[in-house]
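Read the structure below first, then the notes.
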Amino acid sequence: MGIKIAIGLIALFVGLLIGALIGNAYRKKVGEAKIGSAENEAKRILEDAEKASETMKKEALLEAKEKIIRDRNEAEKEIKERRNEVTRLERRAVQREEALEKKIESYERKEETLKTKIKEQEELNEKAEQVRQEQLSKLEAIAGLSRDEAKDELVRLIEDDAKHEAAMKIVEIESQLKDDADRKAREIISLAIQRCASDHVSEATVSVVALPSDDMKGRIIGREGRNIRTIETMTGVDLIIDDTPEAITVSCFDPVRREIARLALEKLISDGRIHPTRIEETVEKARKEVENIIKQSGERATFDTGVHGLNGELVKLLGRLRYRTSYGQNVLDHSIEVAHIAGIIADELGVDSTLAKRAGLLHDIGKAMTQEVEGSHVQIGIDIARKYKENRDVIHAIEAHHNDVEPQTIVAMIIQAADAISAARPGARREDLENYLKRLQRLEEIANSFPGVEKSFAIQAGREIRVMVKPEEVNDDQMILTAREIVKKIESSLEYPGQIKIHLIRESRAIDFAK
């Protein structure tokens, strides 16, 4: 039984081994079949890839050949064009070279001709110089003048001709300027004067207070002069009580103080109570009243001229001009008139009339200050305008209205003209006799200082000077130059309102006797 089992196991093992061998052989056969099929498929794919790559290679080669052919054609075309351009440039260069050679040949021929002519001209110049020397010798012998003397005579003749031409040119220029400027200036100035007619008050340094009776003089003087001393101390004026019936004279160079004293005296006389305490109260009331008048005068000036936006202190300073005079002309009325004239001229010229009026109203603001402030009224006016932040053009107009600086704006020039018009019109200002006579004498001295002037006469209140010249020393052309020089010296040496006419007179007389 055990042997059977063993044999069975051996048979089973042999069967399993045979089955395994058979299975292995089968699997090997199947694998070889699959491998063969894959190899065939790979060969097919490779063949297809080779065919595709050959096709692509052929197409790429074809495209490359076509591009090369196109590029070659384009290059050949460009080379052909450049070759044609080079050929054309070469032809032009050859043509220019030929033309240049022809010009050089022509210049060489001309140079030879020119050298010949220069040589001939030099020979002619030498001959001409010889002839000129001979003629000069003959002329010197005939005229009895040496060469230097003849040159001096020629220079003198040329100088006379130059002076004549200069005088004629001056006359021509003046005539041309007058044709245009005089007409326009007269039109503008006459229009401005016609449209502005202001009344001007002439004030002196004294005021007269009327009294109801001569008994009032004693009351004003007071016991041992205490009343009059109090009035003079409080107001800073001098009271002149003399033999003038029923009147007291108030004297002071400060018109504001004089006005305060006048008002205080009138109030005291009207009230009748005159003693130191009452005097102090009345003077203080009069001072406040004058300050109120000053303020109202400044406001009236700004209203009349249409100038607005002024600082309140500037308005008060304007009001103080009511009590200032210049050569007898009230400064506030003068400033208002200048503002009106400047505004009219500015409108005619197309300039800002508001700015011109403002500058005209403030141009003399420096005169509102007392002698306690040092400096000219121009410099004081500049400082005041800067202090109250006035417009830069207004400050420049104040600075330039007396030519302290050269005017740089149209407004400054308008203010100069308006100031001169207001000051120089007939009756606007007056001078004291001493200054008037000095000005006339100085005018005649200036005119007499020029060579060839025989006599001079200042006439028309110094607004014209007639100058008599010596006819043998000053000819007609020199008269024009002499008049111009006299004008320049007067402008630089004198101060005067308006303008001065210089009138030169040359008279030739021939006298003989019949026997």
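The values are calculated or read from the model by the stated rules, or taken from the named source; none is laboratory data. Since we're looking at a predicted model, the values are computed, not measured. For neighbour counting, all protein chains shown are included, and Cβ atoms are generated from backbone atoms with ideal geometry for every residue, glycine included. These accessible areas exclude ligands, DNA and RNA; they are computed on the full protein's heavy atoms, side chains included. Shrake-Rupley method; radii C 1.70, N 1.55, O 1.52, S 1.80 Å.
Its Cα gyration tensor gives region 23-137 an equivalent ellipsoid. The semi-axes, each the square root of 5 times an eigenvalue, are 106, 14, 6 Å from largest down. Most simply put, the chain has about 75% antiparallel DSSP beta bridges, counting only bridges with both residues inside it. I'd like to know which of I221, H401, N330 lies farthest towards the positive end of the charge dipole of the chain, counting +1 on Cβ of Lys and Arg and -1 on Cβ of Asp and Glu. Most positive-ward Cα: H401. Taking the charge dipole of region 1-127 about its Cα centre, with +1 at Lys and Arg Cβ atoms and -1 at Asp and Glu Cβ atoms, the residue from S106, A11, A42 reaching farthest to the positive side is A11. Ranking A128, A264, P245 by Cα position along the charge dipole of the chain, where only Lys, Arg, Asp and Glu carry charges on their C-beta atoms, puts A264 farthest toward the positive end. Of all aspartates and glutamates in the structure, those lying under 19 Å Cα to Cα from K163, and not within fewer than 8 positions of it along the same chain, are D152, E153, E172, E174, E472, E473, D476, D477, E485. For S456, nonlocal amide neighbours, meaning residues 5 or more places apart or on other chains whose placed amide H falls under 5 Å from its own, are M468. Normalised by residue count, region 297-348 yields a Cα convex hull volume of 70 Å³ per residue.
When only alpha carbons are used to place a centre, region 1-59 and region 210-247 end up 162 Å from one another.
Considering only DSSP states other than H, G, I, E and B, which GluC sites (Glu not before Pro) in region 475-515 qualify as loop sites with at most 14 other Cβ atoms within 10 Å?
Listed in order of number, the matching sites are E495, E507.
Taking the accessible area of the chain, probe 1.4 Å, and keeping the other protein chains in place, the carbon and sulfur fraction comes to 53%.
Only aspartates and glutamates eight or more places from K267 in sequence, or on another chain, were considered; those with a Cα closer than 14 Å are E259, E280, E281, E284, E289. Note on the chain: Cα-only Rg and Dmax are 58.2, 219 Å.
Protein-only accessible surface at a 1.4 angstrom probe places the residues T249, T277 in the order T277, T249, largest first. Rounded to two decimals, the Cα radius of gyration of region 265-387 over 2.2 N^0.38 Å is 1.28. Cross-link reach is defined here as a Cα-Cα straight distance under 19 Å, omitting same-chain residues fewer than 8 places apart; for K28 none of the lysines meet it. So what's the back-of-envelope 222 nm ellipticity for the chain, counting only DSSP H runs of four-plus at -39500 (n - 2.57) apiece and dividing by all residues, rounded to 500? Roughly -24500 deg cm²/dmol at 222 nm, from the helical runs in the chain. With a point put 7 Å past each Cα toward its Cβ, work out how far I158 is from A510 in nm, to one decimal. Inter-label distance under the simple model: 3.4 nm.
Residue pairs exceeding 23 angstrom between C-alpha atoms, taken from K80/K102; K217/K288; K119/K151; K285/K316; K295/K387: K80/K102; K217/K288; K119/K151. With one equal scatterer per alpha carbon and no solvent term, the Debye-computed log10 I(q)/I(0) for region 437-515 at 0.11, 0.13, 0.16 1/Å reads -0.30, -0.40, -0.57.
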